[in-house]
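Step one of this worksheet: look at the structure below.
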Amino acid sequence: MRSRAARGPIGAGAALSGWRRLGRAARAAAAGAAGVAVTRRGEWIISRGLPRGHPEVNQSVVGVGVLVIGLTGGIASGKSTVAAMFRELGAPIVDADELAREVVEPGMPALAEIAERFGEDMLDADGRLDRKRMGQRVFSDASARAALNAITHPRIAEASRARLGELRAAGQKVALYEAALLVENQIHRGLDGTIVVAAPEEVQIDRVCRRDQIDPEAARARLSAQLPLAAKIAAADWVVDNGGSVEETREQVERVWREVLARAASAPGGEAT
């Protein structure tokens, strides 16, 4: 069983450093307050996510001969910046959010199903998915959101496996699987490890305010609507603290990538490329 320790170095943010100092029982208690449960085997389950045994949980992207490490983070934590750093180090990355856009392109079966299920008004004048309108439709309607996920998630998983298969054919032994909702949808449970990009809340709020031109109150509302950072850290094998300088973040990314390559090299199948 993989380690559940969040092994990122202590950096900005008492919440991150404090979490790393907690023992297993204390982590379980803290994560429980964040909407997480822990089994006797040490498996973390997001209680507000999908239930155990749900078909989407079983749509694993592994099993393709490549060590797959998940990469995720909180809102405005800097996941994309960290992903770019991993790419600079030579890490192959399968971007689930990019695939989610591709599977609903015009002419794709998923888009036709969405139009049939939700109506043609979910398409814009060019016949593409109107993401803003679709988002408004499913934001507060759990059944509509489940229907949309049932259409898109299997296709995203299929596309992910295809991309990973291509990497295996090219001789790659390890890949990062980047997804914003990796932990929320419990996809991390089917992967070989998880990297969480984190930042202190005040940093997140400042970034959201500057990025989206909103006030701090609105930024806090957006953060409160997300899965708590503690829940994501609970599922992490590595934490990249992106609350400090670019140089500090890069040092962590380099260390994590070395450890990922070492894990891939020790796995059945041999050396990582």
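The values are calculated or read from the model by the stated rules, or taken from the named source; none is laboratory data. Just so it is clear, the structure is predicted and the values come from calculations on it, not from any experiment. Neighbour counts are summed over all protein chains in view; Cβ atoms, including those assigned to glycine, are modelled from backbone coordinates with ideal geometry. Protein only, heavy atoms only, side chains kept; ligands, DNA and RNA dropped before computing areas. Shrake-Rupley method; radii C 1.70, N 1.55, O 1.52, S 1.80 Å.
Check the stretch 114-124 and report whether any residue there is open to solvent by less than 70 Å² (accessible area, probe 1.4 Å), among the charged types (D, E, K, R) and out of contact with any Phe, Trp or Tyr (no Cβ under 7 Å at 6 or more places or on another chain). For the stretch 114-124, residues open to solvent by less than 70 Å² (accessible area, probe 1.4 Å), among the charged types (D, E, K, R) and out of contact with any Phe, Trp or Tyr (no Cβ under 7 Å at 6 or more places or on another chain): present. Surrounded by fewer than 16 Cβ atoms within 10 Å (Cβ to Cβ) and farther than 12 Å from T72 by Cα, is that true of Q213? Yes; evaluated as a whole, the condition is true for this residue. When the stretch 223-259 is filtered for residues that are more than 17 Å from the chain's Cα centre (by Cα), assigned to a helix (DSSP H, G or I) and farther than 25 Å from G190 by Cα, the ones remaining, listed by number, are S224, V246, E247, E248, T249, R250, E251. Among the residues of the stretch 65-91, just one is touching a Ser or Thr at 6+ places or on another chain (Cβ under 9 Å), open to solvent by 20 Å² or more (accessible area, probe 1.4 Å) and farther than 15 Å from T249 by Cβ, namely G90. Cβ-Cβ contacts under 7 Å between residues 6 or more apart (or on different chains), taken from a first residue in the stretch 225-249 that is open to solvent by 10 Å² or more (accessible area, probe 1.4 Å) to a second residue that is among the acidic types (D, E) and modelled with pLDDT under 90, are listed as L227/E184. The test for being in a helix (DSSP H, G or I), under 20 Å from G65 (Cβ atoms) and either among the small types (G, A, S) or out of contact with any strand residue (DSSP E or B) (no Cβ under 7 Å at 6 or more places or on another chain) (or both) holds for A262. If you take the residues in the stretch 88-125 that are part of a loop (DSSP other than H, G, I, E, B) and of a type in the set (D, E), which one is nearest to the chain's Cα centre (by Cα)? Among them, the one singled out is E105.
As a summary of the residue check, H153 satisfies the conditions (1) in a helix (DSSP H, G or I); (2) at positive phi; (3) not hydrophobic (A, V, I, L, M, F, W, C) except for the one numbered (2).
Would you confirm whether or not the stretch 187-199 contains a residue that is farther than 21 Å from R263 by Cα and in a helix (DSSP H, G or I)? No: the stretch 187-199 contains no residue that is farther than 21 Å from R263 by Cα and in a helix (DSSP H, G or I).
When the residues of the stretch 195-206 are filtered to those that are of a type outside the set (A, V, I, L, M, F, W, C) and either within 19 Å of the chain's Cα centre (by Cα) or at pLDDT below 90 (or both), the one that is most open to solvent (accessible area, probe 1.4 Å) is E201. Six or more apart or on different chains, Cβ under 9 Å: which pairs go from a residue in the stretch 161-178 that's touching a residue at least 40 places away in the same chain (Cβ under 8 Å) and part of a helix (DSSP H, G or I) to one that's open to solvent by less than 10 Å² (accessible area, probe 1.4 Å) and not aliphatic (A, V, I, L, M)? Could you list them? Qualifying pairs under 9 Å: L164/Y177.
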